[in-house]
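Visitor: I'd like to ask you about the structure that follows.
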Ligand SMILES: [Zn+2]
Ligand SMILES: [Zn+2]
């Protein structure tokens, strides 16, 4: 599939990703040993593109990659000579799953979120460090969620300075794995398995069987697409943040074979960032009927009528109580995620 952000091959079908994932970040038999860097200590060693590179598989240890970035930052005078690896930023592997060891990285396999970086520096990093696929500048405190907290607030976004910010989280569940793609400069960063457990609990209780499920704050679609895998008859995704809706539609397409559903309608000529009255953005048909809305969840009942389960997954900073009240009007059961 063509990446909607960069036109490259960032978006791959889950069948290929799952075939590769267990080898993707693993050292081969010829890889140099772990450099065992202390991430909090000053790193004086100069690291270039050849440092630590395996002659056989071509991969490098994460510390050599971030160390290479740090060397460039020091050469350009953005960081002091005694800066440590930890100060570089937050590295996110392009295909995220629980890797039980420090990842060995191949080309364009790391998105870096940085606090101290300029656009020029970001360009230098993506041009010189082969493993970096994108550089994002963080705005505000790391604890502040990226995206839209509710329809009345201003969206909080990071800034993609260079390369591509499209990455994927491989979500494992008892129904199987999904590849959930997200534009990481505008979508909340999340590694939260407890949410998946709540969907699995609905399945174990038989509540997903032939159910109509509304995912009121769907984000890139993780929970609703799991409900589809878990036997829901119809899932209705809704989000007021357009980038989330676009990613959710991309994820229906990417996971189409697993979901047994194909997009039959998509509204492409649409640019309103924050939704209000629900607008149907996409529809998929097949084993499960999937609808994607851009709008305020409190107004969705008018468009879709009753449902069996409504999932309410607000940002940690938002009190879900008001949404629970509104959703009780049209949902037989509300589940706070
Ligand atoms: Zn891309
Ligand atoms: Zn190797």
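Coordinate-derived values only; no laboratory data. The shown structure was predicted, so the numbers you read here are calculated from the model rather than taken from an experiment. Note that we place each Cβ from the backbone using ideal geometry, even for glycine, and neighbour counts take in every protein chain shown.
Visitor: Residue 30 to residue 118: FRET efficiency via 1/(1 + (r/R0)^6), r the Cβ-Cβ distance, R0 51 Å, to the nearest 0.05?
Guide: Working: r = 37 Å, r/R0 = 0.73.
Efficiency, rounded to the nearest 0.05: 0.85.
Visitor: How would you rank 107, 207, going from fewest to most other Cβ atoms within 10 Å of each one's own Cβ?
Guide: 107, 207
Visitor: Using label points projected 7 Å from each Cα along Cα→Cβ, tell me how many nm separate residue 20 and residue 306, to one decimal.
Guide: 4.8
Visitor: Now a separate question. Quick check on the chain: of the DSSP beta bridges with both residues there, what percent are antiparallel, nearest 5%? Before the final figure, lay out the partial values.
Guide: Numbers: 31 of 56 bridges.
Looking only at bridges with both residues in the chain, the antiparallel portion is about 55 percent.
Visitor: Is it possible to state the helix-based mean residue ellipticity at 222 nm for the chain, with each DSSP H run of 4+ residues giving -39500 (n - 2.57), the sum divided by total residues, to the nearest 500 deg cm²/dmol? What is it?
Guide: Details: 9 runs with 85 residues, N = 337.
Result for the chain, helices only: -7500 deg cm²/dmol.
Visitor: Another one. Kindly provide the Kirkwood hydrodynamic radius of the stretch 14-138 in Å, to one decimal, from all pairs of distinct alpha carbon atoms.
Guide: One decimal place: 14.8 Å for the Kirkwood radius.
Visitor: Still on this structure: Modelling each spin label as a point 7 Å along the Cα-to-Cβ direction, I'd like the residue 1/residue 332 distance in nm, to one decimal.
Guide: It is 3.2 nm.
Visitor: Mind checking the angle between helix 193-204 and the chain's longest principal axis? C-alpha axes, 0 to 90 degrees, to the nearest 10.
Guide: In the chain, helix 193-204 runs at an angle near 30 degrees to the longest axis.
Visitor: Something else: Points 7 angstrom from Cα along the Cβ direction at residue 174 and residue 233: gap in nanometres?
Guide: 2.3
Visitor: Using the alpha-carbon atoms, what tilt in degrees (0 to 90, nearest 10) does helix 62-75 show relative to the longest principal axis of the chain?
Guide: Value to nearest ten degrees: 70.
Visitor: Same structure, new question: For the Cα atoms of the chain, what angle does the longest principal axis make with the long axis of helix 242-254, in degrees from 0 to 90, nearest 10?
Guide: 90
Visitor: Sticking with this one: Just to be sure I understand: with springs between alpha-carbon atoms less than 10 Å apart, which residue in 123, 221, 77 has the highest mean-square fluctuation in the Gaussian network model of the chain?
Guide: The residue with the greatest mean-square fluctuation here is 77.
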